[in-house]
1. Residues of segment 224-236 being in a loop (DSSP other than H, G, I, E, B) and without any contact (Cβ under 8 Å) to a residue 40 or more places away in the chain, which ones?
2. Of all residues in segment 212-233, how many are farther than 16 Å from Ala8 by Cα and either of a type in the set (S, T, N, Q) or touching a Pro at 6+ places or on another chain (Cβ under 7 Å) (or both)?
3. Taking the condition in contact with a helix residue (DSSP H, G or I) (Cβ under 8 Å, 6 or more places away or on another chain), surrounded by fewer than 24 Cβ atoms within 10 Å (Cβ to Cβ), within 18 Å of Ala122 (Cβ to Cβ) and not small (Gly, Ala, Ser), does Ile55 pass?
4. Output the residues belonging to segment 6-29 that are touching a residue at least 60 places away in the same chain (Cβ under 8 Å), in contact with a strand residue (DSSP E or B) (Cβ under 9 Å, 6 or more places away or on another chain) and part of a loop (DSSP other than H, G, I, E, B).
5. Restricting the search to segment 122-144, which residues are within 20 Å of the chain's Cα centre (by Cα), assigned to a loop (DSSP other than H, G, I, E, B) and either modelled with pLDDT under 95 or not aliphatic (A, V, I, L, M) (or both)?
6. Here are Asn179, Asn137: which of them is in contact (Cβ under 8 Å) with a residue 60 or more places away in the chain, touching a strand residue (DSSP E or B) at 6+ places or on another chain (Cβ under 8 Å) and buried (at least 21 other Cβ atoms within 10 Å of the Cβ)?
Amino acid sequence: MRLDGKVAVVTGAASGFGRGIAELFAAEGAKIVVADINATAAGDLVEKLGKDRAIAMATDVTRRADVDAMIASAVEVFGGVDILVNNAGVTHKNQSLMHVTEDEFDRIYAVNVKSIYLTTLAVVPVMEKRGGGSIINTASTAGIRPRPGLTWYNGSKGAAITLTKSMAAELAPKNIRVNAINPVIGETGMLEQFMGLPDTPENRAKFVAGIPLGRMSKPLDIANAALFLADPASAFITGVAIEVDGGRCI
């Protein structure tokens, strides 16, 4: 198994891309901290993965106390952290940039950007003790090929990509690799927000038309990319943002 003996913390792990990542990592031998603001859903996933392989943490990634407790629990239960996946994310409805409220804006930057700052402060000392690690940030194609209607979300993901590259350069001497994944629009619970339209076959077709491989992303697509970046086989890769987008950014 590709992650045998590794300990992974996955935020936003109870659903969507995060759930796909947690499930695949567990199948590949990792111990998993299932961190999510939805404690019930996190607990349900742990039941599926097995309590010998996973623990649930009710975590608001915008709160330093929650993030510190998440990492501390990984150390207490599993002995350390080898892999951190900053997957938790939120968006605003696809709409005019003039109609997004200040509270929505603040929430987007707190969850999508500040969380990376908080998890880094908590996990880097732990990874140093392990001799290194892999940090994976879920960014978005929106950060490199922004489109109207999601302007403030686009900016948050652009920040995540820039942070990834800067973190990679600064943390390399500690043998901590930092990479990002840029998914295209996917079949997750936030789909209607991204579309700004009801989830109907006709509306999906409008978005799929811009993806050369002819479909939206799925959790397993993102999980497979995360597995590669977590795997020791990618030990010489850092500072990249992999587009998992069916060709959307060509």
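The values are calculated or read from the model by the stated rules, or taken from the named source; none is laboratory data. Everything quoted here is computed from the prediction, not taken from an experiment. Ideal geometry is used to build each Cβ from the backbone, glycine not excepted, and the neighbour counts take in all protein chains shown.
1. First, pick out the residues of segment 224-236 that are in a loop (DSSP other than H, G, I, E, B): 231, 235-236.
Within segment 224-236, just Phe236 meets the criteria.
2. 1
3. Judged against the criteria, Ile55 is a match.
4. Lys6, Gly12, Ala13, Ser15
5. So in segment 122-144, the residues within 20 Å of the chain's Cα centre (by Cα) come out as 122-124, 126-127, 132-144.
Still in the running and assigned to a loop (DSSP other than H, G, I, E, B): 132, 139-140, 144.
Residues satisfying the conditions are Gly132, Ser140.
6. Testing whether each residue is in contact (Cβ under 8 Å) with a residue 60 or more places away in the chain, touching a strand residue (DSSP E or B) at 6+ places or on another chain (Cβ under 8 Å) and buried (at least 21 other Cβ atoms within 10 Å of the Cβ) leaves just Asn179.
Yes/no per residue for (1) in contact (Cβ under 8 Å) with a residue 60 or more places away in the chain; (2) not in a loop (DSSP other than H, G, I, E, B):
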| residue | (1), (2) |
| --- | --- |
| Pro146 | no, no |
| Ser166 | no, yes |
| Thr238 | yes, no |
| Gly246 | yes, no |
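Quick grid of which residues meet (1) part of a loop (DSSP other than H, G, I, E, B); (2) farther than 21 Å from Thr188 by Cα; (3) under 13 Å from the mean Cα position of the chain (by Cα):
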site: Asp44; (1), (2), (3): no, no, no
site: Ala88; (1), (2), (3): yes, no, yes
site: His92; (1), (2), (3): yes, no, no
site: Gln95; (1), (2), (3): yes, no, no
